[in-house]
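Beneath this line is the structure, given in structure tokens, with notes to follow.
The values are calculated or read from the model by the stated rules, or taken from the named source; none is laboratory data. Since this is a predicted model, take the numbers as computed values, not measurements. A quick note on method: Cβ atoms are made from the backbone with ideal geometry, for glycine too, and the neighbour counts reach across all protein chains shown. Remember, those area values only see protein heavy atoms, side chains included, never the ligands or the DNA or RNA. Shrake-Rupley method; radii C 1.70, N 1.55, O 1.52, S 1.80 Å.
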Amino acid sequence: MIKKTFLLAIASTLSLSAQASYLGGFANTSINYLDWTTHTTHKTGQSSHKDDFAYLELEGGANFSWGEFYGFFDLENPFNPRKTQPGDNQRYTVKATSRIYLGESHFNLYGHVYGTWSLPGKENNGNFHEVNTLYGLGYNTQIDNLWFKPFIALHYVDQTYYSGNNGYVVGWVAGYDFSVSDQNFSITNWHEMEFNRHERYGNGGKNGFNGTLAFWWHPTTSITAGIQYRYAYKKLGEDFLQDGIVYSLKYNF
């Protein structure tokens, strides 16, 4: 039922896109390096193996009169052999988010799909995957250069170890743009709080959170450099706080 509903939503979105006016968008490619804290790497050494890694990303978004769309594709550990130790193996991550505006209000129908797939390492017997499907209600607001887009959504997960309903998620994306001495900067944050998860899902219990706080420098229209603080609690396969720093360099198309 979830899959059928999601496919119908995609079809409706594509139909609306063909009829609606395009208002703007962006696209970029980037190289990134996630440096987990020593605490995180050490404590996950016998479980989820949080080793430092590089990843390549394609990212983009578009606004239409009916709503907006955002997505990215990541290739993690692109320079490593396909079969290596857990934590160093290649992984693929995809996210697609859409907001369909409800008339002239600030509310919107919210949906997103986030999926990650891991190729087996020497100590693995098979691929790991997790696909999270969220569907609910969102809200868009902006005051000058500050924008904030919260949402609340039901959560369905398709995972190697558990598939089914998985509670609900409350979260947001937010950002603030500013200038200092003719240099352009921005601060962004995405944050997701998961509640009432199924006991078979694991990850430390019913509740957890996950997110990133980022600082960006835009020296030119084509180049963006950033430092991101990555954090997760009772998420990413562990029941404790995991955190690290992501160093990013983007080329904007």
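The accessible surface of the chain, taken with every protein chain in place and a 1.4 Å probe, is 61 percent carbon and sulfur.
As a length-normalised measure over Cα pairs under 8 Å and 6 or more apart, the relative contact order of the stretch 135-189 settles at 28 percent. Rounded to the nearest 20 debye, the dipole magnitude of the chain is 640 debye, with +1 charges on Lys and Arg beta carbons, -1 on Asp and Glu beta carbons, and the Cα centre as origin.
Round to a whole angstrom and tell me the spacing of the C-alpha centers of the stretch 168-243 and the stretch 90-122. Taking the Cα centre of each part, the stretch 168-243 and the stretch 90-122 sit 14 Å apart.
Have a look at His198, Ser98, Thr40 and report the one farthest towards the positive end of the charge dipole of the chain, computed about the Cα centre with Cβ charges (Lys/Arg +1, Asp/Glu -1). Sorting the options by dipole projection puts first His198. When Val170, Val246 are compared by accessible surface with a 1.4 Å probe, the order from highest to lowest is Val170, Val246. Dipole orientation for the chain: of the candidates Thr29, Thr224, Asn132, Asn132 has the Cα lying most toward the positive pole (charges on Cβ; Lys, Arg +1; Asp, Glu -1).
Note on Leu241/Ser65: beta-carbon distance plugged into 1/(1 + (r/R0)^6) with R0 of 30 Å gives a FRET efficiency of 0.10. Simple point charges give the picture: +1 on the Cβ of Lys and Arg, -1 on the Cβ of Asp and Glu, and for the stretch 107-253 a dipole about the Cα centre of about 180 debye.
Rolling a 1.4 Å probe across the protein heavy atoms gives the stretch 158-253 an accessible surface of 52 Å² per residue.
Taking all protein chains as they are arranged and a probe of 1.4 Å, the heavy atoms of Arg200 leave approximately 150 Å² accessible to solvent.
Given the pairs Lys43/Lys95; Lys206/Lys250; Lys50/Lys95; Lys50/Lys250, which are separated by over 26 angstrom at their Cα positions? Lys43/Lys95; Lys206/Lys250, as the Cα separations exceed 26 Å there.
Taking every alpha-carbon pair under 8 Å whose residues sit at least 6 apart, the chain reaches a relative contact order of 14 percent. Structural descriptor for the stretch 136-253: relative contact order 17 percent, calculated from alpha carbon pairs under 8 angstrom and at least 6 residues apart. Can you find, among Ser181, Asn166, Trp147, the residue farthest towards the positive end of the dipole of the stretch 118-191? Put +1 on the C-beta of Lys and Arg, -1 on that of Asp and Glu. Of Ser181, Asn166, Trp147, it is Asn166.
Could you check which residue among Gly45, Gly138, Gly167 shows the biggest mean-square fluctuation in a GNM of the chain with a 10 Å Cα cutoff? Residue with maximal mean-square fluctuation among Gly45, Gly138, Gly167: Gly45. Mean-square fluctuations from a GNM of the chain, with a 10 angstrom spring cutoff on Cα atoms, peak among Thr141, Thr97, Thr29 at Thr141. Taken along the Cα-to-beta-carbon direction at a fixed 7 Å, the label points for Asp177 and Phe26 span 0.7 nm. Under a Gaussian network description of the chain, with springs only between Cα atoms under 10 Å, the residue in Lys43, Lys234, Lys95 that fluctuates furthest is Lys43. Only helices enter the 222 nm calculation for the chain: every DSSP H run of n ≥ 4 contributes -39,500 (n - 2.57), and dividing by all residues gives -3000 deg cm²/dmol, rounded to 500. Full extension of the chain between Tyr33 and Thr221 yields a length gain of 65.5 nm, computed as 0.36 nm times the residue separation minus the alpha carbon distance.
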